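Asks: Sharing a structure, written as C-alpha cells. Questions coming.
We did not get these values from a lab; they are worked out from the coordinates using the rules stated. Since the model is a prediction, treat every value here as computed from it, not as a measurement. Cβ placement follows ideal geometry from the backbone for every residue including glycine, while neighbour counts extend to all protein chains displayed.
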C-alpha cells in the first residue's frame, strides 16, 4: 500500500460482529461434539449397549441444556432448527387448541365465528409466515403492533385479548433491532384475558445472552437454537411447559421425542448445544451486564464518529437486548458500508440474515415506522459479549463516509 494511501489497513485479526446471524462454535461445544461423535455415535433408539450409551448422552444433554437456560418445569423437545421449533410451537399448538370446546364456543360470538391468533408485527419470518398460514385453516390472524422501539407493550396486546383467542405469538428479542419485549407481563395478561390461549415465545436471539431464566417467561412453548449461542447448526429445541397440552407433531414416523418430533436425534449436536449453553450461563453469572456494557461502548464510539447517527431500535435501557445494535448512518447505503468494513476485517450485518436476499427494505423497519429515507442505511452489529473496548474502537465508520 502506498505511503500516502488514506485507506485504513485491514485488522490483523478479523472482528466478527454478526452473531445474530450465527455464532462461531465455542471450543467447549466443539470438544463436546467430537467426544460424542467418538463415543455416542450409535442410534439412541437401538437396544444394544452402544445405543444405550448414545441415549444416556442425549439425556444428559437434555438435562444440562434445561439447567443452563433455567427451564425448570419445562419439557425439552429436540428439533433441527429454530424455525422448526417455531413451527411446532405455532402450527402444532394451533392444531391442538382448535379442538377446545370452550374456545370454539367463544369464537362463535365474534364477527367471523373463527378463533383468533395474535402475532407480533415484527416477528421473525419463521413465526410470522407460520401464523399467517393459519388463515387457511380457519383462524383469524391479527398483528399486535410494536412501538417505535420495536417492543410489544402490554397496552398494545390488552385490547386485543378475549376468550376467542387461541394463540398469542411474541418473540423475546427482535433479531434486527435488539429490542426486548416484556414476555412475562404479556403472558400474565394473556392468562387473565384469554384463558383458552396458548402463548408461544421465540427466544432464539435472547437465550444464552440474557440472565433471566426461561422459566421466568412463563410461556407455554419457547424455541431456542444452538448456533445462535456457539453450538453447532442443525440442533435446536422447543421447551413445552408442564401442564400445557402437547402440540400436534409436524413430523411423523418413529415417535421420537415423546412422539412430538420423529427422526433420529442429533446426539452430537445436542452435546455441543448443552456445552455452549453452560459456557454462556457461566459468563452471565460472572458478568450479567456483559452485553449491555459493550453495547453502550460501541454506541458511544459510533456516535463520536457519526454525530447524526440514528439508533434503529430501543433507547430505553429496559428494552435493550445488549447483544444487538442497529444504527442508520444517514446518506449512506448499508450494503456499501458493510463491504467497506469487510475490507478492514470487520464483519457485521444489515438486517436479518434469514431474510436478507430478495428484499430492498426491511419489513421490521417499516412496521416500527422507521424513517423511510434511512431504511436502507441500517447496519446491524451483533456481539459475542467477549469483545474488548479496543476491538470495538477499531470500527471506524467515520473514515468510510
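Asks: Answer rounded, prolate or oblate for region 1-135, using the Cα gyration tensor with square roots of eigenvalues a ≥ b ≥ c: rounded when a/c is under 1.5, else prolate when a/b is larger than b/c, else oblate.
Replies: Taking the square roots of the gyration eigenvalues as a ≥ b ≥ c, region 1-135 is oblate.
Asks: Just from its helices, what would the mean residue ellipticity at 222 nm be for the chain, if runs of 4 or more DSSP H residues each count -39500 (n - 2.57) and the sum is divided by every residue, rounded to the nearest 500 deg cm²/dmol?
Replies: Only helices count here, giving -9500 deg cm²/dmol.
Asks: Which of (i) 22.8; (ii) 20.7; (iii) 22.0 is the computed Kirkwood radius over Cα pairs in Å for the structure on display?
Replies: Given (i) 22.8; (ii) 20.7; (iii) 22.0, the structure-derived one carries the label (iii).
Asks: Here's another thing I want to ask about it. Taking the simple approach of a point 7 Å from Cα along Cα-to-Cβ for both residue 347 and residue 39, what is their distance in nm?
Replies: 3.1 nm
Asks: Would you give the gap between the C-alpha center of region 109-166 and the C-alpha center of region 181-221, rounded to a whole Å?
Replies: Their Cα centres are 15 Å away from one another.
Asks: Take the Cβ-Cβ distance between residue 303 and residue 47 as r, set R0 to 51 Å, and report the resulting FRET efficiency rounded to the nearest 0.05.
Replies: 0.25
Asks: Based on the Cβ-Cβ distance from residue 111 to residue 31, what FRET efficiency comes out when R0 is 60 Å, to the nearest 0.05?
Replies: 0.55
Asks: Let me ask something additional. With the crude spin-label approximation of a point 7 Å out along Cα→Cβ, what separation in nm comes out for residue 136 versus residue 296?
Replies: Label-label distance for residue 136 and residue 296, simple model: 4.9 nm.
Asks: Express in nm, to one decimal, how much length is gained between residue 333 and residue 242 on full extension, taking 0.36 nm for each residue of separation and deducting their alpha carbon distance.
Replies: Extending this stretch completely gives an extra 28.0 nm.
Asks: Continuing with the same structure: Using 7 Å Cα-to-Cβ label points, what is the residue 188/residue 148 separation (nm, one decimal)?
Replies: 2.8 nm
Asks: Follow-up. Taking the mean number of other Cβ atoms within 10 Å as a proxy for protection, how do you rank 74-82, 211-219, 257-265 from highest to lowest?
Replies: Ranking, from highest mean packing down: 74-82, 211-219, 257-265.
Asks: Can you tell me the length gained on complete extension of the stretch residue 158 to residue 286, counting 0.36 nm per residue apart and subtracting the Cα distance?
Replies: Additional length available on full extension: 42.4 nm.
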